[in-house]
C-alpha cells in the first residue's frame, strides 16, 4: 500500500460514490492515501475523515475551485480545514449564485422542448451542490440524450442551447482563501489552460507569487511530453509535484481510482514532500 490519488470527487459534488464508498474503494484497491477534492464544497470531508479512521486509509481533506481565467483553470486545496468558516461562507454564496444559474439553464431546456424540473434534479443530486453533471444525468435518465457528450454538445456545454456561464472566483481570491485556511495550493491539470511553455512558465511564476505551492504534474489526460514539461517546471520553480485521477465514478467510467486511464502509479513520496513543505511552513498535517 504505497500508491496515492490526490484528486477525487464524491456525491458531495458531482461524483457518484459517497465519501464513505470512495474511501472504502481506496482501501479495497490498496491505496495508502487519497485526497477528497470536491468541486467548490467541503461538504463531504467530515464523512470521508470518519471513514478513514474506520478503514485505515489516509484521507487528505481538500476541495477544487473553478477560477476565472481566459482558458480553463482549476485550483486544488489540500489539507483544507473541513469546517473552515471563511471559505465555506464564500462557497455558500457561490452556490446561491449557481442555483440561480441552474434555474436559468432549466428554463432554457424547457424552451428547447425538454420537460425537466429543478425538483427532479435536486432529488437526484441529494445533498450535493447541484451542477451540470446532475442535469446531464436527468437528461440521460429521461432519454433526452444518449450520452454525456451529447448532453454537453447539444445543451450544457459553452455552445449548447441551455448554457449559462458559471460564477467563479479570480485566481487571486481562490488562492488567498485557501492559504488563509492553511491549505497547500495546487494548480490542477495545467494542460487545460492551453498555454505554450513560455506562457505557462510566466503564469506559474505569477501564481507562485500569489501563494501557489505546486502543480498537478501527473494526470490521465497529460501526454508524456506534458508530464515531463510540468515536472521540469516544478523543479525549476521549486513547486511541489502532485497528481491524481480526477475520479468521479460512473459518470466518467473510463477513469479509475488511483489509475486514471491505467497509466497512473503515484508514490506516497509525493505526499511526504508536501508534508515536509507544510512542516517548513508551520502548518498541520
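What to note about this one:
- As a summary of the residue check, residue 258 satisfies the conditions (1) in contact (Cβ under 8 Å) with a residue 60 or more places away in the chain; (2) touching a strand residue (DSSP E or B) at 6+ places or on another chain (Cβ under 7 Å); (3) in a helix (DSSP H, G or I) except for the one numbered (3).
- Residues of region 148-164 satisfying the condition of being in a loop (DSSP other than H, G, I, E, B) and either surrounded by 23 or more Cβ atoms within 10 Å (Cβ to Cβ) or free of Cβ contacts under 8 Å to residues at least 40 places away in the same chain (or both): 157, 158, 159, 160, 162
- Looking across region 170-191, the residues that are over 12 Å from residue 230 (Cβ atoms) and in a helix (DSSP H, G or I) come down to 171, 172, 173, 174, 175, 176, 177, 178, 179, 180.
The rows are residues; the columns are (1) at pLDDT below 95; (2) farther than 17 Å from residue 11 by Cβ; (3) touching a helix residue (DSSP H, G or I) at 6+ places or on another chain (Cβ under 6 Å).
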| site | (1), (2), (3) |
| --- | --- |
| 93 | yes, yes, no |
| 123 | yes, no, no |
| 134 | yes, no, yes |
| 162 | no, yes, yes |
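- Residue 62 vs. criteria in a strand (DSSP E or B) and buried (at least 24 other Cβ atoms within 10 Å of the Cβ): yes
- Region 51-70: number of residues that are farther than 28 Å from residue 195 by Cα and touching a helix residue (DSSP H, G or I) at 6+ places or on another chain (Cβ under 8 Å): 9
- Search result, residues across region 105-117 that are exposed (fewer than 12 other Cβ atoms within 10 Å of the Cβ) and not in a loop (DSSP other than H, G, I, E, B): 111
The values are calculated or read from the model by the stated rules, or taken from the named source; none is laboratory data. These figures come from a predicted structure and were not determined experimentally. When we count neighbours, we look across all protein chains shown, and the Cβ atoms used for this are built from the backbone with ideal geometry, even at glycine.
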